[in-house]
1. Of 140, 104, which residue is within 20 Å of residue 74 (Cβ to Cβ), over 17 Å from the mean Cα position of the chain (by Cα) and touching a residue at least 40 places away in the same chain (Cβ under 8 Å)?
2. Would a scan of region 366-386 turn up a residue that is closer than 14 Å to residue 233 by Cα and not small (Gly, Ala, Ser)?
3. Which pairs do you get when a residue that is over 20 Å from residue 234 (Cβ atoms), found in region 146-164, comes within reach of a residue that is of a type in the set (Ser, Thr, Tyr), reach meaning Cβ atoms under 8 angstrom, with the pair 6+ apart or on two chains?
4. Consider residue 315 carefully, then state whether it is out of contact with any Phe, Trp or Tyr (no Cβ under 6 Å at 6 or more places or on another chain), more than 27 Å from residue 69 (Cβ to Cβ) and modelled with pLDDT of 95 or more.
5. Looking for whichever is in a helix (DSSP H, G or I), among the β-branched types (Val, Ile, Thr) and either surrounded by fewer than 19 Cβ atoms within 10 Å (Cβ to Cβ) or in contact with a Pro (Cβ under 7 Å, 6 or more places away or on another chain) (or both) here; the options are 369, 391. Which one fits?
6. Which one is modelled with the lowest pLDDT, of the residues in region 30-55 that are closer than 13 Å to residue 165 by Cα and among the β-branched types (Val, Ile, Thr)?
7. Of 275, 258, which residue is over 21 Å from residue 389 (Cβ atoms), at pLDDT below 95 and not in a helix (DSSP H, G or I)?
8. Between residues in region 170-183 that are within 16 Å of residue 41 (Cα to Cα) and among the charged types (D, E, K, R) and residues that are at pLDDT 90 or above and surrounded by 14 or more Cβ atoms within 10 Å (Cβ to Cβ), which pairs lie under 9 Å by C-beta distance while being six or more apart or on different chains?
Amino acid sequence: MRSVNSNVSSSSVRSSHHSRSEQRHAVAAGFLGWTLDAFDFFVVVFLMDTLAAQFHVSKSAIVATLAYTLAMRPVGALLFGMLADRYGRRVPLMANILFFSAIELLCGFAPNYTVFLVLRALYGIGMGGEWGVGASLVMETAPAKWRGILSGTLQSGYSIGYLLAAVAARFILPVYGWRAMFWAGAVPALLAIYVRLKVREPEAWQRNRAPSMASILRTTAEYWKLFLYLVVLMTLMMFLSHGTQDLYPDFLKSAHGVSPETVSYIAILYNIGAVAGAILFGHFSEVIGRRRSMIAALLLSLVVIPAWSFAGSLAVLTAGAFLMQVGVQGAWGIIPAHLNELSPSSVRGLMPGFAYQLGILFAAPTNSIEFALRDKLGYAWALAIFETINILLLIFIVSRGHEEKGRDFVSSPLPGSPR
């Protein structure tokens, strides 16, 4: 089913070729939005002990706030994704940025655990809305031949956000305290001004704009098999990223006695590896295809698990963590392009982002599961067993899928038949 707004005449739609400047602004907006969103999420990862002491709760209670944040992300994806398909990418993106920035600021004023938990759940709505809208904006504006590397660049914003959180933990936390870590999260509000002034709507959205909210839901329902596949894929991808990242700083401190300062430096290093992996494998996906490139990245992560989890020296652990994130984010770097190419144009704001965030919902207990396995098996075995099984499942699921690399978003609004 093709959902095209008949009121958009050809004369009202600009050239299908965006200028270099317009392409750069769209990529910058999507990249910075995801970077700053990720920074706001990962601040908590470096404050588990501090927040537990501040609010007089157990560390597991702070870990639970991460699960609440992740679980609320589909709400944001549904809300902002439908708005983006109906009314354009720019205004929903600006509203989303202002929302999650305001909530992050308020987290720094939380007087107790209950208020903090509610705010982190609300923050999840904002975090859930940003990726789908930002990714569709970037992929629809970028030239098809550059989608792979720009997909990796966009997704690397997540790792750079993590890296910035590590930098903040090293330099802001010791001097200004934990509340300032969250206050710094209000900075993304300035990005909304940039989007307002510099970013324009992609032609792909203008030509294939959904005529109503109901048509968005109908198109998504028609492609329910594809949507279900994407949800399964994203659930396993979330197990991969959050299962290798969120508790790793605590693993280094608890299991190996690494100081918080050293943990921050290690996190900075392995996030540099993540950025390199996202861009590198994103580029490879233009050469060998989306699925083959993802499988190659997953195999890299699989083979470095012993060094990442069981190494006896800090140097080998650090190298393992670096290579693990090269593979993890190498696979992730292909996701923005892959999901947008698979989705119908009239629901590109909703379907990739909603599938992505439903994956988060189903994978929300990742940290709690690993934390529980730690108590039974030890930290190293908990991480290793969880990710070995997950990576093997991911390789199977990716190999069973299909791809639409290089699809023209303007003249080919629909992907292949629903699978």
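1. It is 104.
2. No; the residues of region 366-386 include none that is closer than 14 Å to residue 233 by Cα and not small (Gly, Ala, Ser).
3. What qualifies is 160/35; 164/35.
4. no
5. 369
6. Going through the qualifying residues, I end up with 45.
7. It is 258.
8. Sorted first by the residue in region 170-183, then by its partner, the pairs are 179/107; 179/108; 179/110.
The values are calculated or read from the model by the stated rules, or taken from the named source; none is laboratory data. Just so you know, these numbers come straight off a predicted model, no measurement behind them. For neighbour counting, all protein chains shown are included, and Cβ atoms are generated from backbone atoms with ideal geometry for every residue, glycine included.
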